[in-house]
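I have placed the structure first, in the form of structure tokens, so that the comments after it can refer back to it.
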Amino acid sequence: MKNSVRERRQRNDWTQQDLAHRLGVSRQTVNAIETGKYDPSLPLAFALAAQFQCRIEDLFEPS
Amino acid sequence: MHVKVTLQAFAMYDRRYWREWGIWFLAYFVLILLTSAVVKRLPEDGAWRLVATLPVCAVALSGLWAELRQVRRFDEMQRAVYLEASLAGFWTAMAILATTALLEVFAGTPPLAPLWILLGTGIGFGGGYLNAIRRYR
């Protein structure tokens, strides 16, 4: 699944560690989501959307 | 690259886990030595031998407590990695056990020492762990 997590994170000037801390996950998990190697669960996708103040469908799109 | 992947695997476990695991391992090791000393002094066919091994079995099982506490602290991707590693370890152990047991029954091969099964489980778990970590990095 494609996503715009990296772009939005960089726009907010956050490091992967910053975002991981905000979400309560590891930096490796944020990295895996950004590179599309791991698709997050629905609760984590909602948490991501809340951090970027957008909808889940704005953040993720089927590849 | 292999070193980095291995380090990342260890990084999944936090300091609290290593502290709890260290305490558990020390207790287990000391109790193994104590139990060995006690069991040697008991008659070979006595039921007390079995009773004497119960504390060390209980401590061995309590290692699961440290493991479960760490798994609860894992995030969802780390749990996915852990699940894959656990399945790899479990299936390796089952494959070794089933194969050696069947060969023992049908071909009369000598039984395999439990330490080899333990080693196989560890290798299976470690291999599964590194494989999963590498896929997600």
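The values are calculated or read from the model by the stated rules, or taken from the named source; none is laboratory data. Bear in mind that the values here come from a model prediction, so they are computed numbers and not experimental data. Cβ placement follows ideal geometry from the backbone for every residue including glycine, while neighbour counts extend to all protein chains displayed.
So how many residues does region B:44-82 have that are among the basic types (Lys, Arg) and farther than 25 Å from A:Ser41 by Cβ?
Going through region B:44-82, the residues among the basic types (Lys, Arg) turn out to be B:49, B:69, B:72-73, B:79.
Among the residues that remain, those that are also farther than 25 Å from A:Ser41 by Cβ are: B:49.
Total satisfying the criteria: 1.
Within region B:80-90, can you find the residues that are exposed (fewer than 15 other Cβ atoms within 10 Å of the Cβ) and touching a helix residue (DSSP H, G or I) at 6+ places or on another chain (Cβ under 7 Å)? Even if it seems obvious, please write down each step before you answer.
First pass over region B:80-90, keeping only residues exposed (fewer than 15 other Cβ atoms within 10 Å of the Cβ): B:83, B:87, B:90.
Passing the criteria: only B:Leu87.
Restricting attention to region A:35-44, report how many residues are in a helix (DSSP H, G or I) and surrounded by fewer than 18 Cβ atoms within 10 Å (Cβ to Cβ).
Pass one, region A:35-44, residues in a helix (DSSP H, G or I): A:42-44.
The next check asks that each one be surrounded by fewer than 18 Cβ atoms within 10 Å (Cβ to Cβ); those that pass are A:42-43.
Adding up the residues that qualify gives 2.
From (1) in contact (Cβ under 8 Å) with a residue 12 or more places away in the chain; (2) out of contact with any Ser or Thr (no Cβ under 9 Å at 6 or more places or on another chain), pick out the condition that doesn't hold for B:Ala52.
Unmet for B:Ala52, out of (1) in contact (Cβ under 8 Å) with a residue 12 or more places away in the chain; (2) out of contact with any Ser or Thr (no Cβ under 9 Å at 6 or more places or on another chain): (2).
Yes or no: B:Ala80 farther than 30 Å from A:Ala20 by Cα and out of contact with any Cys (no Cβ under 9 Å at 6 or more places or on another chain)? Full working, then the answer.
Numbers: farther than 30 Å from A:Ala20 by Cα: no; out of contact with any Cys (no Cβ under 9 Å at 6 or more places or on another chain): yes.
So B:Ala80 does not fit the description; no.
Return yes or no: is A:Glu7 acidic (Asp, Glu) and either under 20 Å from B:Ala132 (Cβ atoms) or touching a residue at least 12 places away in the same chain (Cβ under 8 Å) (or both)?
On the way: acidic (Asp, Glu): yes; either under 20 Å from B:Ala132 (Cβ atoms) or touching a residue at least 12 places away in the same chain (Cβ under 8 Å) (or both): no.
Considered against the rule, which asks whether it is acidic (Asp, Glu) and either under 20 Å from B:Ala132 (Cβ atoms) or touching a residue at least 12 places away in the same chain (Cβ under 8 Å) (or both), A:Glu7 comes out as no.
When residues of region B:119-137 are filtered for being over 14 Å from B:Ala98 (Cα atoms) and either in a loop (DSSP other than H, G, I, E, B) or more than 14 Å from every other protein chain (Cβ to nearest Cβ) (or both), how many remain?
So in region B:119-137, the residues over 14 Å from B:Ala98 (Cα atoms) come out as B:119, B:122-137.
Then drop every residue that is not either in a loop (DSSP other than H, G, I, E, B) or more than 14 Å from every other protein chain (Cβ to nearest Cβ) (or both), which leaves B:119, B:122-128, B:137.
So the count comes out to 9.
Can you pull out the residues in region A:10-34 that are in a loop (DSSP other than H, G, I, E, B) and either free of Cβ contacts under 8 Å to residues at least 12 places away in the same chain or within 13 Å of chain B (Cβ to nearest Cβ) (or both)?
Restricting attention to region A:10-34, the residues satisfying the condition of being in a loop (DSSP other than H, G, I, E, B) are A:12-15, A:24-26.
The answer is A:Asp13, A:Trp14, A:Thr15, A:Gly24, A:Val25, A:Ser26.
Of the residues that make up region B:87-98, is at least one within 26 Å of B:Trp24 (Cα to Cα) and at pLDDT below 95?
No: region B:87-98 contains no residue that is within 26 Å of B:Trp24 (Cα to Cα) and at pLDDT below 95.
So A:Ser63 passes all but one of these: (1) in contact with a Lys or Arg (Cβ under 8 Å, 6 or more places away or on another chain); (2) within 14 Å of chain B (Cβ to nearest Cβ); (3) hydroxyl-bearing (Ser, Thr, Tyr). Which condition number does it fail?
In the conditions (1) in contact with a Lys or Arg (Cβ under 8 Å, 6 or more places away or on another chain); (2) within 14 Å of chain B (Cβ to nearest Cβ); (3) hydroxyl-bearing (Ser, Thr, Tyr), A:Ser63 misses (2) alone.
Can you name the residue in region B:15-37 that is more than 20 Å from B:Phe74 (Cβ to Cβ) and hydroxyl-bearing (Ser, Thr, Tyr) and, of all such residues, is surrounded by the fewest Cβ atoms within 10 Å (Cβ to Cβ)?
Residues of region B:15-37 more than 20 Å from B:Phe74 (Cβ to Cβ): B:23, B:25-37.
Now drop any that are not hydroxyl-bearing (Ser, Thr, Tyr), which leaves B:28, B:35-36.
Working: B:Tyr28: 15, B:Thr35: 18, B:Ser36: 12.
Selected residue: B:Ser36.
Just checking, how many residues over region B:43-85 are in a helix (DSSP H, G or I) and within 14 Å of chain A (Cβ to nearest Cβ)? Before you say what the answer is, go through the steps one by one.
Taking region B:43-85 and keeping what is in a helix (DSSP H, G or I), we get B:48-73, B:76-85.
Subsequent filtering for residues that are within 14 Å of chain A (Cβ to nearest Cβ) retains B:70-73, B:76-84.
Of the residues in that region, 13 qualify.
Give B:Ala101, B:Ala47, B:Ala11 a once-over and let me know the one that is modelled with pLDDT under 90 and surrounded by 12 or more Cβ atoms within 10 Å (Cβ to Cβ). Break it down stepwise before answering.
Values: B:Ala101 fails: modelled with pLDDT under 90; B:Ala47 fails: surrounded by 12 or more Cβ atoms within 10 Å (Cβ to Cβ).
When all the criteria are applied, what remains is B:Ala11.
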